[in-house]
Structure formats: C-alpha cells, structure tokens
Amino acid sequence: MPPVLENRAEGSAIDVGRIRGTTDRIDTEFTDFVHSSSASLLRAAFLLTGDQQLAEDLVQDALARTYRAWRRLERSGNAAAYTRKVMYHLQVSWWRRRKVAESLTDSPPATAASGRDLDLELVLHAALLKITVAQRAAIVLRFFEDRTETETARILGCSQSTVKTRTRRGLEKLRKTVPELEGILP
Amino acid sequence: MNDQFRDLLHSRAAHVKDTPLSAGAIRTGRRLKHLRKAATAAVAVAVAAGTVSGYLAFKSGDATALPADIGDTAVWTAIPDSMTYKWDQGYDAIRVSGGASDSIELPYSDSQSDAPQWQISPDGGSVSVVDDAGLRIGVLDGSRPEMVYEDPDLCKAQNWSPDGAKVLVGRCTGTRTDLVIVDADSGDRKVIEDVGAMSSATWTADGSQLVWGDPEAGYTISDSSGRRRDSFDAGQVSQDPADYMYGEQTDKVVDLGVTGVSADGRYVCHSVYWGRESPGGDLAPVSNHACDALIDTTTGQTARLSADEVEWFGEAVFSPGGGVLARGRHEATGQFVTVLFDKDFKVIDTLAEGEATSNSVMGSYTP
C-alpha cells in the first residue's frame with residue numbers, strides 16, 4: 001500500500017470512534033427534537049396536503065433535510081424554524097411537487113367531540129384543497145399557526161404584500177366555494 | 001371571526017396521528033449526506049483520473065462527447081417561422097406565426113384541485129399533461145390529451161426530449177423518486193429507479209443523455225437506460241448578487257436547479273432565485289427553459305449572452321449542434337425578444353415578439 005494511503009487508513013481508523021460518538025450524540029439530540037416538534041409539524045402538514053400519509057411524507061422529508069444540516073443548526077439553535085421553512089418549501093417544490101389528496105381519505109373520528117361541526121370541517125377541508133398551494137400555505141401560517149404577516153413572509157420567502165395578496169385571494173376563493181363559511185372567515 | 005376560523009382549522013387538524021418519524025428521517029438524512037459526499041468524491045476521482053472506469057466517459061466541456069451523427073439539421077440557422085409559447089399561469093398556449101397569433105386553450109382550469117402541469121413539445125405540435133391520474137399526451141389543439149401512462153404517483157413536472165419522441169417524468173413515492181421515460185406515441189416506458197435527491201431533470205441538447213439531481217446533492221448524467229450513471233459537474237452559480245441584478249436590489253441568490261445542458265456538457269443553464277428576501281413558496285422555476293445563469297463548466301464562469309437592446313435573457317435552449325436560442329426582454333419596450341446565437345454566442349437571428357406573448361414562457365423551439 002502506498003504510504004499516503006496507509007496514512008489515510010490509519011487516520012480513518014482513529015477517526016471512526018470519534019465520528020461514531022458524535023453521530024450518536026447527534027442522533028439522540030435529533031430524535032429528541034423530532035419527538036418535541038413532529039406533532040405540530042404534522043398538523044400543519046395535514047392542512048397543507050389534505051392527507052395523513054402525504055403529511056407524514058412531507059414532514060419526514062423536511063426532517064431528513066434538517067438532520068443533514070443538524071450540526072449547523074445546532075449551533076444556531078434554529079432547527080424548528082429551519083424544519084418549518086423547509087416543509088413549506090418542499091410542499092411547493094418543482095419536481096417533487098406533491099399532489100394534494102383528491103378525496104377525503106382521512107375522515108375524522110365517527111363520533112365527534114362536543115363542539116365540533118364535522119360537516120363544516122369537511123367542507124373546509126375540501127375547499128382548502130381547491131386553492132393554490134401558495135395561498136394555502138399563507139392561510140395555514142396566518143390562521144392555523146397564528147403567524148404575523150412578517151413571520152409568514154419570512155417563512156415563505158416572499159414580501160408581506162405577497163402574503164397579503166395570497167391570503168386575500170385564498171380567503172376569497174374559500175368564501176366563494178363554501179358560502180357556509182361566511183361569518184367565520186376573517 | 002379570526003378565532004372561529006382558527007378554531008375550525010385546529011379542530012380539523014386535531015385528529016392527525018403523531019407517528020414516529022425520527023428513524024426514517026435519520027435514514028433519509030444520512031442517504032442525502034452520503035449522496036452529496038459521493039457526488040463530490042466522484043467528481044474528484046474523475047478530475048484526477050480523467051475517466052471513470054466502467055461508467056460513461058463523459059467530461060464537461062469535452063467536445064468529442066458530441067454524438068457522431070450530429071448533422072446539418074442539428075445546427076440551427078434561423079428562428080423557427082412558428083413558435084408556440086406557454087402562458088405562465090393557466091392553461092393557454094399562444095402560437096405565433098408570420099406575425100399573427102392565436103390562442104389555444106386547454107380543457108383545464110386553475111381551480112382544479114389536482115393542478116395539472118403541462119408542457120409543449122419542441123415542435124409545438126403536441127402537448128403533455130400530468131394530472132393526478134397520470135401522463136396524457138396529445139395534439140395541441142385544445143382537446144383533452146389521451147392518457148398514455150396511468151400512474152397516480154407521478155410528480156407533476158415533465159420534460160420533452162429534444163426530438164419530441166419521449167417525455168421524461170418523475171415518479172414520487174414517499175421519499176424515493178424514480179424517473180420514467182415515456183414514448184410519446186406508444187406509451188412504452190423505461191423506468192430509471194431511485195435517482196436520489198432531485199430538484200430537476202432534463203435532457204442534454206442532443207437528447208442522448210439525461211441529467212438530474214439537485215444543487216446540494218449534486219448531479220448525475222446517464223444514458224437513457226439509467227444504468228450507465230456518472231456524476232456531472234453542473235458548475236456553481238455565482239453568489240455575487242451583481243450577476244443577477246436587473247435593476248432590482250438583491251441580497252439573496254439561490255440555485256433552483258439545472259434546466260438545460262449543451263450536447264457536449266460544457267454549458268449548463270441554471271434557474272436562479274434572486275431577490276431581497278429568502279426564497280420561499282414559489283421556489284419552482286417559472287419555465288422548463290429558465291436560464292438565469294449560463295455557466296461554462298470548463299471555466300466555472302458565468303457566460304454572458306448579449307444582444308443589442310436586450311436588457312436581459314431569462315430563458316434558453318441549447319441547439320444540438322451548438323448555439324443557443326434565448327429569450328430576453330427588450331430594454332425599451334419591455335416585450336420579449338427571441339434571439340438565436342451561434343456556438344460562439346454571436347447573434348444570428350432576432351425576433352421581436354410583440355404584445356401577444358407577454359406573460360408567457362418558452363414552449364416550442366424547433367422548426
């Protein structure tokens with residue numbers, strides 16, 4: 001074996017233990033992060049995609065990219081914001097543009113909790129899938145996640161006026177599609 | 001009102017099951033990391049050795065990689081008499097011929113929940129559409145194209161081969177992506193399995209090879225079987241905002257992916273986001289032929305297209321025999337201009353498009 005390669009091989013052998021320890025630590029931290037954040041991400045993803053399975057795919061994709069960037073994010077402590085941003089970006093990405101569920105594959109429990117209007121929820125669910133992905137993202141961020149226009153603009157990477165326009169047009173479409181929402185929509 | 005609407009959204013999402021995702025995310029994340037490293041390593045090996053044994057002997061900028069049967073017809077000498085453009089929002093095509101234009105409306109609507117995506121064939125005669133049911137191909141005359149490949153898992157993007165004989169479409173299932181080459185006439189298909197991280201996929205200008213990948217994970221070049229794969233150096237887009245300044249202040253530059261590759265692999269088109277804010281909801285290139293950065297991979301530098309009175313070029317298609325058909329904006333009128341450049345980037349032909357094609361993107365590009 002040429003000397004250079006020998007040195008590389010030795011270096012690799014020495015590094016393996018250290019790298020393995022670092023990887024274990026990252027995996028543990030990342031797993032903790034996923035446990036604490038996946039529920040809220042999944043709920044937002046469900047409203048974005050309209051389907052539990054698509055929501056899981058979307059969140060998992062976003063988390064995989066977060067894992068890839070973990071060392072960098074760990075330093076800035078910004079993993080949650082990063083994952084959320086990636087998730088919204090992935091939802092409207094180019095070749096991997098997701099299809100929203102055409103039919104309501106995820107029905108709510110047969111017995112509704114008190115105070116729930118299941119019919120209205122289902123109508124809203126269907127109507128959300130009829131507006132554009134960008135409009136849906138703006139509405140989910142503004143009214144489900146309670147983000148300000150500034151925060152929404154930052155996450156979606158557009159101007160506040162674009163957020164306003166998308167939100168307004170999305171709400172107009174919802175209002176037109178579901179007259180029952182009149183009086184409920186902002 | 002806001003509270004009621006918020007409560008309704010929360011109530012709708014409340015039943016979503018929380019499932020364990022960390023193990024899958026770690027697996028996929030490691031694969032993404034590995035892909036990136038592998039791509040970098042493969043490029044290093046190729047540069048060091050000159051060739052990659054057992055794979056395509058293809059190097060960026062290697063003119064000998066041009067197929068031997070490239071003939072006179074592959075060298076474009078004039079802008080086609082008839083060009084068909086694609087409305088950038090909606091489902092209308094605009095055919096311009098001899099100064100006259102007519103609109104062709106496809107039987108789809110913006111309000112459709114499955115948001116079909118469509119592309120015009122290189123000769124402008126056919127159209128492909130991917131909806132939730134699969135891939136449809138037909139004559140571009142306003143009729144609904146026929147289903148040629150039924151598959152509910154197709155990603156929505158698609159790309160015609162330069163000869164108009166095939167359509168390249170992605171298949172997105174879970175975290176895995178396949179590429180499928182579909183024969184436009186017969187519907188016969190070849191699947192290139194598990195292509196890894198991919199934000200774009202395109203044909204080389206002569207249609208002999210495919211290039212896919214993403215700016216972070218790197219790119220792969222392959223023959224159409226997908227078996228002879230090699231890493232491909234697509235160049236790095238400049239991070240200098242000045243390269244993307246068209247009268248607009250810029251502080252973010254993001255590579256959205258490769259949209260075109262010359263036949264010899266020397267020149268690569270990238271779609272680039274630039275603006276004052278971080279990119280977000282509209283990350284997809286507006287056109288399959290978006291070319292915000294044209295990179296000469298032999299030098300790593302951004303190549304400049306320049307024509308009189310054209311403010312900037314934003315779309316381009318490489319000719320199989322060298323040369324570029326590019327589309328830009330006239331600095332005085334603001335209308336689009338199509339310019340044909342030869343292989344040395346000298347202007348051969350120019351077409352001022354007029355009003356009819358405002359708000360459109362490139363569709364057809366061959367005679």
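Readers should treat all values here as calculations from the given coordinates under stated rules, not as data from a laboratory. As the structure is a computational prediction, the values presented were derived from the model and not from experiment. When we count neighbours, we look across all protein chains shown, and the Cβ atoms used for this are built from the backbone with ideal geometry, even at glycine.
Amide hydrogen proximity for B:GLN335: with H placed 1.01 Å from N in the peptide plane, the residues at 5 or more positions away or on another chain lying under 5 Å are B:HIS330. Pairs exceeding 26 Å between alpha-carbon atoms, taken from A:LYS173/B:LYS166; B:LYS252/B:LYS343; A:LYS130/B:LYS156: A:LYS173/B:LYS166; B:LYS252/B:LYS343.
Residue-wise HN-Hα couplings along the stretch B:301-311, as the Karplus relation 6.51 cos²θ - 1.76 cosθ + 1.60 with θ = phi - 60° gives them from phi, are 8, 6, 7, 10, 9, 9, 9, 4, 6, 9, 5 Hz; Gly and Pro carry x. Close amide H pairs (under 5 Å, H built 1.01 Å from N) link B:ALA293 with B:HIS270, B:VAL272, residues at least 5 positions away or on another chain. For B:VAL148, the shell of other residues with beta-carbons less than 13 Å away shows a net charge of -3, using +1 for Lys and Arg and -1 for Asp and Glu. Rounded, prolate or oblate: which fits the stretch B:124-251 when a ≥ b ≥ c are the square roots of the eigenvalues of the alpha-carbon gyration tensor, with rounded for a/c under 1.5 and prolate only if a/b beats b/c? Because a/c hits 1.5 or more and a/b exceeds b/c, the stretch B:124-251 counts as prolate. Net charge near B:THR366: determine it from the other residues with C-beta under 12 Å of the C-beta of B:THR366, scoring Lys and Arg +1 and Asp and Glu -1. Summing Lys and Arg as +1 and Asp and Glu as -1 gives -3. The mean number of Cβ atoms from other chains found within 10 Å of a Cβ in peptide A:52-64 is 5, as a whole number.
Other protein chain C-beta atoms within 10 Å of residue C-beta, averaged over B:297-303: 0. Electrostatic bookkeeping for B:GLU315 treats Lys and Arg as +1 and Asp and Glu as -1; over the other residues with beta carbon under 10 Å from its beta carbon, the sum is 0.
Rounded to the nearest 20 debye, the dipole magnitude of the stretch B:306-362 is 200 debye, with +1 charges on Lys and Arg beta carbons, -1 on Asp and Glu beta carbons, and the Cα centre as origin. Extent along the principal axes, Cα only, for the stretch B:302-367: 31, 23, 20 Å, with the longest axis given first.
Taking the centroid of alpha carbons for each part, the stretch A:131-159 and the stretch B:174-200 are 32 Å apart. Put simply, the amide H of B:GLY196, placed in the peptide plane, has neighbours under 5 Å in B:THR177, leaving out anything fewer than 5 places away on its chain.
Here the stretch A:135-182 is treated with +1 on each Lys and Arg Cβ and -1 on each Asp and Glu Cβ, and its dipole about the Cα centre works out to around 260 debye.
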